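Colleague: My questions will all concern the structure given below.
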Amino acid sequence: MNRLAKFLACALLASSVVAGSAASASAMNITGVSQAMTIANKTVTASDENGQKIKFVSDGKVLRLMSADGTKDFLSFSSFDGIYSGVDYSVRAVETADPAMRIFEIAATREGKNCGYWLVGNHIGGAWTTYVSWNSFANLGFRTDRWHELKATIENQQLIITSYTARGNMDWRAQVFWNAQDGWFGLKRF
C-alpha cells in the first residue's frame, strides 16, 4: 500500500507541474517572422533586438554567428549527424512579445531532410545562447537517430515545430514557449 501511495503522490505532483507549465506556455506571442534566408557559401547580415549588427557566415559545412566586423564568433552550428558535406542552412528572424525579443531560427537540411535545428538569441548581458536545439527535442521523445522533415509554423501567435517522416506522416509536434519564471524557453509536446 505504501508503494501505491507514493505512486499516486508522484502522479499528482507530475500533473500539477504539467498543468503549471501549460499556463506558462502562452507567455510568449509571435508578432512577426522574416522570410527564411538560405545561407550557402556566403554571408548574411542581420541585427538583434537592440539594433546591433551581426552576421551569419557559412563555408558549406559549419554556420557561424559572428559580430558584424567578424572579430567575435558567438556561436557555431553543424549537422547533428556528423556529416558536414551537403548541408544547407537557413535562418529567419522571429519577433516576440511578452517578452519582447528577436530570436533566430536556424535549420540545417541535407537532401530535403533536417539534420539540425536551433533557436538562438541575445540573452541577458549580451551573451548569445542556444535556447532550443535538436537535443532539446530528444527530451520530449523526438528520435534524433532518424531523418525528419521539420516545419516550424505560427499558430495562434505560437511557434509550433512539427516533424514528418519520409512518408509524410506527422510523428512529433511541440510548442515553443517562454517560461517567465525561469527566464528561458521551454517545449510542450502535443
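The values are calculated or read from the model by the stated rules, or taken from the named source; none is laboratory data. What you are looking at is a predicted structure, and each value in this text was computed from that prediction instead of being measured. FYI the Cβ positions are ideal-geometry reconstructions off the backbone, even for glycines, and counts take in every protein chain you see. SASA here: full protein model, heavy atoms, side chains in, ligands and nucleic acids out. Shrake-Rupley method; radii C 1.70, N 1.55, O 1.52, S 1.80 Å.
Colleague: Regarding Glu49, is this residue open to solvent by 60 Å² or more (accessible area, probe 1.4 Å), within 23 Å of Asn135 (Cα to Cα) and at pLDDT 80 or above?
Modeller: no
Colleague: Now a separate question. Scan segment 156-190 for residues that are charged (D, E, K, R) and either in a loop (DSSP other than H, G, I, E, B) or modelled with pLDDT under 90 (or both) and jot them down.
Modeller: Taking segment 156-190 as the starting set, the residues that turn out to be charged (D, E, K, R) are 167, 171, 173, 182, 188-189.
Passing the criteria: Arg167, Asp182.
Colleague: How many residues does segment 152-182 contain that are hydroxyl-bearing (Ser, Thr, Tyr) and either under 21 Å from Asp98 (Cβ atoms) or open to solvent by 70 Å² or more (accessible area, probe 1.4 Å) (or both)?
Modeller: Looking only at that region, the number is 1.
Colleague: I need the full set of residues from segment 29-39 which are open to solvent by less than 50 Å² (accessible area, probe 1.4 Å) and at pLDDT below 80, in order please.
Modeller: Once the filter is applied, which keeps residues that are open to solvent by less than 50 Å² (accessible area, probe 1.4 Å) and at pLDDT below 80, segment 29-39 yields only Ile39.
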